[in-house]
1. Measure off 7 Å from each Cα along the Cα-to-Cβ vector at T282 and R204, then give the distance between these two points in nanometres to one decimal.
2. Quick one: order Y32, Y537 by neighbouring beta-carbon count within 10 Å, fewest to most.
3. Would you kindly state how much longer the chain becomes between I117 and S365 on full extension, computed as 0.36 nm times their sequence separation minus their alpha carbon distance, in nm to one decimal?
4. For R174, what residues show an amide H to amide H distance below 5 Å, using hydrogens built from the backbone and excluding near sequence neighbours?
5. Using the Karplus equation 6.51 cos²θ - 1.76 cosθ + 1.60 (θ = phi - 60°), what ³J(HN,Hα) coupling, rounded to whole Hz, does each residue of segment 254-265 give in order, writing x for Gly and Pro?
6. Spin-label point model (7 Å from Cα, Cβ direction): what's the Q49 to L89 distance in nm?
7. Mind checking which of A373, L227, Y320 is farthest towards the positive end of segment 224-378's charge dipole, using Cβ charges of +1 (Lys, Arg) and -1 (Asp, Glu) about the Cα centre?
8. Is it possible to state the helix-based mean residue ellipticity at 222 nm for the chain, with each DSSP H run of 4+ residues giving -39500 (n - 2.57), the sum divided by total residues, to the nearest 500 deg cm²/dmol? What is it?
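The numbers here are math on the coordinates, done by the rules we state, and not lab data. Since we're looking at a predicted model, the values are computed, not measured. As a convention, Cβ positions derive from the backbone with ideal geometry for all residues, glycine included, and neighbour counts pool all protein chains shown.
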Amino acid sequence: MRCESATSTVTRSLTVAAGVFAPGHLGELTRYLPFELVDAVLAETGAVQRRLRSLPSRVGVYFMLALGLFPYLGYAKVWDKLVVGLTGLPVPTPSEKALRDLRRRLGAAPVKALFGIVAGPLAQPRTPGVRYRRWRTVAFDGCSSITVPDAERNRGRFGRPRNRYGWTGYPLLRLMALVETGSRGLLGAEFGPRSHGENHYAQRLLHLLGPDMLVLADRGFDDGKFLAQVAGTGAQFLVRLTSNRRPPTVGRLHDGSLLARIHGVTVRIIEADITATCADGTRLNDGYRLATTLLDPGLDPAETLVRLYHERWEIESAYYALRHTLMNGRVLRSGDPFGVEQEMWALLTLYQLLRTAMVDAVESSPGTDPDRASFTIALEAARDQLVAAQGASSHDLVGRIGRAVLANLLPARRSRISLRKVKCPISRYTYANPEDPRPRSSTRVDSLVIGIHTTQQATAPFVSTRHPFPTVKPQPAPRPPSLIDRALGVLRSQPGRRWGAQELAAAVGVDNVNSFCVLVARWARNGLISKLQHGVYALIDESAAPTSPPPAPPTPPLPEVDPTLSRFQATLVVLRSAPEHAWTAMEIAPALGITNINSFQVQMATWSRQGRIAKVRHGAYTLLPTPSEPATAANLKSLTYAVTA
């Protein structure tokens with residue numbers, strides 16, 4: 001027999017869940033999300049099925065995660081991927097509607113809880129590129145380019161942003177993540193409408209920080225309040241400042257960096273010029289202003305921190321893997337906000353599982369930097385293992401995904417630079433800026449020179465009595481005179497003159513005469529100027545003594561009131577003590593020991609309407625007149641009530 005015609009028979013054994021739970025798996029990724037963990041989360045969130053169906057809740061969780069592995073396939077095709085390796089097992093063949101109903105029945109809570117469990121630091125402290133000294137480097141940043149279907153409910157929740165060309169085609173959501181820069185794993189994530197800024201979502205992740213972390217962030221996070229909150233967690237930070245941010249300085253260090261105060265936190269300001277020489281001979285210059293809570297220049301040299309800040313860009317690589325490699329730049333599936341929330345938590349959970357497998361692989365090879373692990377290789381290997389239904393219960397520490405990653409390690413990280421340009425017709429980076437000196441294609445950087453400013457200009461502090469730290473007090477701008485001040489100035493220039501409204505408008509320099517006439521009439525009603533006749537005004541004669549109102553009559557002495565009397569009877573005792581006086585609630589209240597004057601005023605008004613006391617004027621009362629007294633206008637209503645009663 002010729003060797004070309006020889007055949008081999010391969011048999012394999014599968015270990016999967018029994019019965020209707022068999023389609024619930026993720027291939028080799030299942031060992032990072034075991035059945036027991038999923039069942040516990042479903043029970044905790046109250047999402048366990050009430051009766052055993054053909055599509056139980058556990059299967060729904062794995063199906064949601066499998067949708068993220070195949071974003072270009074529909075529900076039915078993704079289900080086929082889950083069951084194609086289960087040959088010989090009785091598995092259901094649900095319709096797409098049944099799979100949609102499974103998603104609705106499941107909800108977002110179980111998937112969100114699973115992400116909260118798998119999220120966290122992935123690499124060990126000894127792994128290269130994970131730590132700076134004793135701190136684990138982490139980074140904040142947001143992604144605002146994730147598109148959701150253009151459905152009415154999605155538009156109402158997330159909105160469609162507007163740019164210079166009009167409204168965007170799809171609603172967009174904002175994703176904020178806290179990433180471990182060494183492994184690009186997620187410590188936490190939040191997302192929602194773009195109407196909230198990045199700091200709004202980042203504040204929800206501050207509880208994940210700890211004293212063993214060093215936070216890296218770009219200029220969008222240099223808000224003083226946010227930095228104070230980061231420092232309050234015990235974490236250190238290294239943040240780039242905007243060019244116009246000049247916090248007040250309180251000292252200078254020997255390396256030229258400055259000590260300053262930002263929202264009550266002492267920081268070190270480092271200014272540096274960076275010159276990059278590319279392989280084609282291009283020289284590029286840029287300047288950085290960094291603020292950090294690492295205050296000792298001996299332990300943390302300025303140049304070392306400037307080079308360390310470049311690690312912040314690892315979060316951009318993490319977003320690229322999530323947005324473009326995993327999602328393939330596609331629009332999400334869900335047509336309502338609840339489905340979008342469930343889908344996003346599933347994608348973030350799947351991303352974290354892939355990163356976990358990659359980190360386990362590189363840590364099995366000591367000295368390997370996680371940067372060299374290919375996310376694309378891990379993703380394709382995970383897809384193959386799901387289709388084959390292999391590795392669900394494997395105890396191999398590396399696994400097929402890890403071996404694929406180790407067999408295809410990327411070269412060591414190279415310093416590169418290129419022009420910022422995207423192929424999107426509505427992006428501001430669509431066309432190359434002719435004034436941008438950066439090369440049009442990715443070019444290797446041969447050398448990088450960092451020059452630290454040793455003579456930074458200090459900002460003089462102003463010590464305020466209201467704040468516990470120095471602040472810069474701006475000089476108040478001179479306030480221009482108001483229109484009434486200008487009009488009074490004209491009237492005072494000729495005190496005895498009679499001014500017409502139009503003459504006054506011309507003298508003041510007002511063009512809209514009609515509106516000015518209305519203002520002048522209002523000033524006259526308010527007593528600011530004198531109105532002599534219709535349309536004629538003059539300055540008020542300040543020498544004339546104003547007519548003072550007659551003095552209020554003195555309050556009679558208050559009688560002794562028996563505390564056992566009711567409030568009405570005690571009030572009558574006070575009124576009888578001086579029948580000729582018009583008593584107010586404020587005058588009677590001290591005799592009765594009343595502190596709530598407003599309530600007592602309402603009560604006296606009620607007695608007046610009932611005819612039990614007489615109302616003399618607004619807020620003033622006296623006894624009811626006797627029948628022998630004449631019925632005046634002041635007591636006519638009360639007298640009529642007394643006679644008819």
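1. Computed distance between label sites T282 and R204 equals 3.9 nm.
2. Listed from fewest to most nearby Cβ atoms, that is Y32, Y537.
3. Length gained, I117 through S365: 86.7 nm.
4. Under 5 Å from the amide H of R174: G192, R194.
5. The phi angles translate into 5, 8, x, 6, 10, 9, 9, 10, 10, 6, x, 10 Hz.
6. 1.4
7. Selected residue: L227.
8. Only helices count here, giving -10000 deg cm²/dmol.
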